[in-house]
Amino acid sequence: MAQARYQQQYWNNERQERMRLQNDRHDYNSDPYFYTAPNYRYNRDGQYYETNRYGANMLRQAVNYGYQQGFHAGQADRQDGWQSDPQNSYAYQDANYGYGGYYVAQDDYNYYFREGFSRGYQDGYGSRHQYGSYSSGKYTILGSILGSILDMQSLR
């Protein structure tokens, strides 16, 4: 039952986010942040990518959203007495929660969401805070863990 409640909440939040983005009608031509020069690079799967600070913030958001969703999914699986299996979670497979289509490629967002999700799931399933913390009603990945996941390097 806990996993069903979690999944329903995830779908509801995702649906609201999609509706918000559909109504947004983002205009890239007048978005000064979209055309800002890259000032960070990050390594994913042995290849370097560059992004600006808005893209870097989006990737940080992906890891944090992933951690939050993973924590809730792991907690729900533990409460239901299910075996630990983060990759089988709908949220892990979807990995689009919070993605607005701005500043970074969807593949990159999905990758970093899953990195955060895996760690959040481990914490939620194990009922601990090895990779993150809970404050002000929110689960957040630790800064040192976030840094090691993203391995962001300044270009300047």
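The values are calculated or read from the model by the stated rules, or taken from the named source; none is laboratory data. This structure is a prediction, so every number in the text was calculated from the model and none was measured. A quick note on method: Cβ atoms are made from the backbone with ideal geometry, for glycine too, and the neighbour counts reach across all protein chains shown. Each accessible area value is taken on the protein alone, full model and side chains, heavy atoms only, with ligands, DNA and RNA left out. Shrake-Rupley method; radii C 1.70, N 1.55, O 1.52, S 1.80 Å.
Quick notes on this structure:
- Accessible surface, 1.4 Å probe, highest first, among residues 50, 14, 115: 50, 115, 14
- List 78, 5, 44, 18, ordered by accessible area with a 1.4 Å probe, largest first: 5, 18, 78, 44
- A simple charge model with +1 on the Cβ of Lys and Arg, -1 on the Cβ of Asp and Glu and nothing else charged puts the dipole of region 107-156 at about 200 debye relative to its Cα centre.
- Surface share of carbon and sulfur [accessible, 1.4 angstrom probe, percent] for region 60-105: 39
- Heavy atoms of residue 51: accessible area, 1.4 Å probe, square angstrom to 10: 10
- Structural descriptor for region 56-126: relative contact order 56 percent, calculated from alpha carbon pairs under 8 angstrom and at least 6 residues apart.
- With 0.36 nm allotted per residue and the present C-alpha distance subtracted, the residue 7-residue 83 stretch has 25.7 nm of extension available.
- Annotation: the chain has a Kirkwood hydrodynamic radius of 16.2 angstrom, from the mean reciprocal C-alpha pair distance.
- Selected from 62, 37, 95 as most flexible by GNM, with the chain as the system and alpha-carbon contacts under 10 Å: 37
- For region 92-156: rounded, prolate or oblate by the Cα gyration tensor [a/c cutoff 1.5]: oblate
- Rounded to the nearest 20 debye, dipole of the chain from Cβ charges on Lys, Arg, Asp, Glu: 360
- Positive-end residue of 113, 62, 135, charge dipole of the chain with Cβ unit charges: 135
- By a 1.4 Å probe calculation restricted to protein chains, residue 144 has an accessible surface near 90 Å², given to the nearest 10.
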